[in-house]
Structure formats: structure tokens, C-alpha cells
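The values are calculated or read from the model by the stated rules, or taken from the named source; none is laboratory data. Nothing here was measured: the structure is a model prediction, and the numbers come from that model. Ideal geometry is used to build each Cβ from the backbone, glycine not excepted, and the neighbour counts take in all protein chains shown. Note: accessible area is taken over every heavy atom of the protein model, side chains too, but ligands, DNA and RNA are not part of it. Shrake-Rupley method; radii C 1.70, N 1.55, O 1.52, S 1.80 Å.
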Amino acid sequence: MGAYQPVHQQHSQKPSSTHHGRVVLAWLFTAVLCLALLHLLCCSPRAARGNVVVSPLLQYITSTYTEGRGSTSTSGCDYSEGQWVRAAGHARRYNGTECNVKGSEDCARNGRPDTGYLDWRWQPAAPGCQLPGFDAAAFLGAVRGQHVAFVGDSMARNQAESLVCLLGASFPYHLVYRDPEPGTRKFWRWAFPTHNVTVSVYWAPFLARATGRCDNYSLPYNSVHLETLADRWSADAGAMDVAVVSTGHWFWNPSVYYNGSEVLGTHLLPQLNHTGIGFLSPFREAIRASIRRLASAGRARAVVLATFSPAHFEKAWDDPATCARRMPYTEGEREVDATHAQLRSIVREETTAAAAATDGGATRVEVLDVTKLATMRPDGHPGVYMKRDPFARGVPERLQSDCLHFCLPGPVDTFNEILLQLLLAKRD
Ligand SMILES: *[C@@H]1O[C@H](CO)[C@@H](O)[C@H](O)[C@H]1NC(C)=O
Ligand SMILES: *[C@@H]1O[C@H](CO)[C@@H](O)[C@H](O)[C@H]1NC(C)=O
Ligand SMILES: *[C@@H]1O[C@H](CO)[C@@H](O)[C@H](O)[C@H]1NC(C)=O
Ligand SMILES: *[C@@H]1O[C@H](CO)[C@@H](O)[C@H](O)[C@H]1NC(C)=O
Ligand SMILES: *[C@@H]1O[C@H](CO)[C@@H](O)[C@H](O)[C@H]1NC(C)=O
């Protein structure tokens, strides 16, 4: 455990963009990227470890906020814009192996040699705003006696596991349920008995009921029934006090969208001779229906919608250097992609509309806008360290990378820092 101390190593090596000079047609690249994403998004068959270790108290490393900007106001702050600034040890709050994170996101155990990606904190751009480091006692205090549920795709799971680790570094906990399907981590639930809190994750990548490729990777496309929400999470919606909805990546995949027996249209399936409807309107419909369900379930105190967190594949999907950056992008080096911005806007618009509609009611609807901060962190993904010791037998020419999820610990911990501030602000 003592090994988990801040290390002031600087790895500023960047992949050479001229290394592979070959020209890849844009559509081919996109198709391959789609396949890579599908492979990542589909449940990898790696078997889950049996026992959960109840973490002993890990030493907290107090972050030093040297770049004070006057007051340290937190409530009412806009965290959606800002920049990553160096803060030694800021993201070194737990050991991913000890809190049993998904093996493909346990970068340190898998042999990722650099650790500088753990030395950044998010500085909001809004004047007078600071984002405090995660405070487990404050979080559990804010949700005492409550059920915190994450619903969506594997980014929802990534954030749920981050939260369990952040809390578990200071408080005892145990796994109370995991889906029997080995290795998938679709439905897990943990308990924090000191505060009578449960944390769950519900895998529902389209939020709506879906079959096909999302169940079985060898099938060519998904069939998504937008009129019906996915069974498991929607049946439990009335038992969620805080619901964090986070999804998006699966909507880019080939799919047929239905409203009952009527085909609304297809995405990336021209051969079926239906109207192409793209993925933005189905995404909006799924988000809208999910908020409606959660807000009307009568239980939820907070419905939090996370915005899109993009992947960073920079070369061919199986190029070992496709996401080998070791530093966040600097301000101005990278903008939010137009498509990611559209997904982000849809979540913001639907959240704003729902918040206005539920104003004064028992349920708060909030946006957790992580698109910018996630966009700026190409260095935070497992990359080839999604597998253990990938270079044990030399550097292969082709190697699969995960440039989508974040290492745990890693930048996704910041999503939970913001979630905590949203929960605290709503008590005012
Ligand atoms: C995490 O914990 C495991 C098991 O206790 C230990 O072997 C490993 O060295 C720790 N990792 C770090 C980065 O401290
Ligand atoms: C724990 O919380 C549940 C609601 O989530 C409540 O029904 C129960 O009474 C609480 N138990 C204790 C011991 O406070
Ligand atoms: C997945 O689909 C393929 C092709 O239709 C089929 O042969 C296979 O049995 C399916 N696997 C499962 C687990 O349903
Ligand atoms: C589905 O059909 C119903 C009834 O015709 C309609 O009210 C609803 O707006 C439709 N939903 C979508 C997403 O088209
Ligand atoms: C789509 O239309 C083409 C051309 O009319 C036809 O050959 C093909 O069979 C149709 N496919 C389906 C799935 O209906």
C-alpha cells in the first residue's frame, strides 16, 4: 500500500504522428473503430474474481490547491468548462486491485509503468469556483440510508466502480449481489453499512429494451424498442434515491429502432430498406423516457444525467500506440468533437426541460457534464494495459487497446467529485 504514493515522474513522451504514414480511408477507420468499440463495450468474457476485499483505510493524500482563485465557493458552480491542472497525488486515493475493479481497468496491476496521469485535478473555469477532492464521509453523509444507482453502458459501470473504490478507501463495504453471468459485471450491488447506503450498477446500454448485438456479439445489429425501458433498471426505478444515468456509445452501432411493432428507422443498416434515422433522435428519446420514468417513480431525490465521455482512438484500433499519450491535452489543443457536442447538448436540453417541469417537486434533475473534462484526458485510458503485462513477450505489431473507459484510479474519479458537489448543493 505504501507503494501508492505520489511519484513525480514526468512522462511527456507523445506518440509520433508520422510513425505510420499510411493513409486510411475515413470510412474504413470509422468502421474499424466501431468494431473496436463494440468489442470493448460487449462484455469481455474474463472471469470475475470471487471475493471482494474490504479495503482497510487508505491514507488520504491531501491535495494542495496552490492556484487559489479567491473564494472556494462550490455550490452553484458550473464544472462543465475548465482545465486540468497539475496536483501531485490528487487521483491516488485508492488501490484498484483492493477494491476489485474490473481487471481491464486496473492499469497499475496490469503493468502500466507511468503514473503521472494520477497527478491532475479539474479546475473549473467559472470565477471563484473550486472542485474539492472527493470526500467519502461527505458523500455517505449526503446519501445516508439511500440507494445510489448507476444506469447505462460501461461508462456508468466505470463511474460506479470508481465511487465504490473512493468510498471503500475510508469505509467498510461489501458486495451484496453480482450477476451470475461470469465476467460481465452487468448488475452489481455494494453496501456501506456504516451509513446504510447501497450502490448499484444496472447495465442497459440503450436504456430502452434492446436485443441482438448487445446480447450476443456475433449478431449483426441491435433491435431497440424505444417505447419500453429495459426491464431490470426500470423495475427498480422506484427503489432508487439517486440515479445516475450515463450512456451513449452503443447508439453509434448498427440498430433498428422500434416503437411497438412499428419500425421508426434504422442506423447504419441501409440494406434493410428502412428510413435512416441516425442515432441522435433515438438517443434523445431514450434519455427523455428514462428521466420521465425516474422522476415519476416517486422515490428518486436526485436524477443525474451524465453527458457523453468520448473515446480516444488515434490510430488503427489494434495499433499498440493508438492511445499512448501520457499527458492531458492542453487548453486549445483539442475541442469537443461536433458529434460529441450534439450528444452532450441532447442530455443538457432534456435535463433542463425535465428540471423545469419538476421544479419545486421532490425530485431534482441535474446534469453531470463531463464531456469537456473527459475529452481532455486521452492519457487516462488503459490503452494496451487493459490486459496484464502486454509487452511481456516484446512489442507486438497488433495489440488491442481500451481507449474508452478510464483507468481506476483515474480521471473518472473526477466525475464523482462533481457528483458529490451536485448532491451537496441540492441540500441547500
Ligand atoms: C495494490 O494492492 C495490491 C494487493 O494488496 C498490491 O499487491 C499492490 O502492490 C498495490 N498496488 C499499488 C499500486 O500500490
Ligand atoms: C436503511 O435504509 C432503508 C432505505 O434504503 C430503510 O428502509 C431502513 O430502515 C434503513 N435501515 C436502518 C437500520 O436505518
Ligand atoms: C449468438 O448468435 C449466434 C449466431 O446467431 C448463435 O449461433 C449463438 O448460439 C448465439 N449465442 C448465444 C449465447 O446465444
Ligand atoms: C410511439 O407511438 C405512440 C402511439 O402511437 C406515440 O404516442 C409516441 O409518440 C411514439 N413514440 C415515438 C418515439 O415515436
Ligand atoms: C431492399 O431493396 C432491394 C432493392 O429493391 C431488394 O433487392 C432487397 O431485397 C430489399 N431488402 C430487404 C431486406 O427488403
- [ ] For segment 71-174, give the percent of accessible area contributed by carbon and sulfur heavy atoms, probe 1.4 Å, rounded to a whole number.
- [x] 52 percent
Task: For a label point 7 Å along the Cα-to-beta-carbon line of Val395, residues of segment 84-117 with backbone N under 19 Å - done: 111-115
Task: Computed magnitude of the charge dipole of segment 364-408 (debye, nearest 20; Cβ of K, R +1, Cβ of D, E -1) - done: 100 debye
Open item on the list: With +1 on the Cβ of every Lys and Arg and -1 on the Cβ of every Asp and Glu, and nothing else charged, how large is the dipole of segment 325-428 about its Cα centre, in debye rounded to the nearest 20?
Closed with: 420 debye
Task: In order through segment 343-354: 3J(HN,Hα) via Karplus (6.51 cos²θ - 1.76 cosθ + 1.60), integer Hz, x for Gly, Pro - done: 4, 4, 5, 4, 5, 5, 5, 5, 5, 4, 4, 5
Open item on the list: For segment 133-192, take the convex hull of the Cα atoms, compute a quarter of its surface area, and give me that in nm², please.
Closed with: 4.4 nm²
TODO: Quick one: work out Rg over Rh on the C-alpha atoms of segment 299-428, Rh as Kirkwood radius.
DONE: 1.08
TODO: Determine which aspartates and glutamates satisfy two conditions relative to Lys315: a Cα distance under 16 Å, and not lying fewer than 8 residues away in the same chain.
DONE: Asp379, Glu397, Asp402
Open item on the list: Using amide H atoms built in the peptide plane, which far-off residues or other-chain residues are under 5 Å from Gln83 H to H?
Closed with: Gln123, Ala125
Open item on the list: Which aspartates and glutamates, if any, have their Cα less than 13 Å from the Cα of Lys372, not counting same-chain residues under 8 positions apart?
Closed with: Asp78, Glu81, Glu331, Glu333, Glu335, Asp337
Open item on the list: Between Ala126 and Thr228, how high is the FRET efficiency from 1/(1 + (r/R0)^6) when r is the Cβ-Cβ distance and R₀ = 30 Å? Nearest 0.05.
Closed with: 0.15
Task: His381 long-range amide H proximity, modeled H, under 5 Å - done: Cys407
- [ ] At 0.36 nm per residue, minus the direct Cα-Cα distance, what do Arg109 and Leu219 gain on full extension? Give it in nm, one decimal, please.
- [x] 36.3 nm
Open item on the list: Going by amide H atoms built from the backbone, whose H comes under 5 Å of the H on Val176, apart from near neighbours?
Closed with: Arg189, Trp190, Ala191
Open item on the list: With +1 on the Cβ of every Lys and Arg and -1 on the Cβ of every Asp and Glu, and nothing else charged, how large is the dipole of segment 87-424 about its Cα centre, in debye rounded to the nearest 20?
Closed with: 480 debye
Open item on the list: Starting from a Cα-only point model with no solvent, please compute log10 I(q)/I(0) by Debye for segment 87-424 at q = 0.16 1/Å.
Closed with: -1.56
- [ ] Please give the contour-minus-distance gain from His274 to Glu333: 0.36 nm per residue of separation, less the Cα-Cα distance, rounded to one decimal in nm.
- [x] 17.2 nm
Task: For segment 87-424, with +1 on Lys and Arg beta carbons and -1 on Asp and Glu, the positive-most of Leu269, Gln400, Pro172 along the dipole - done: Pro172
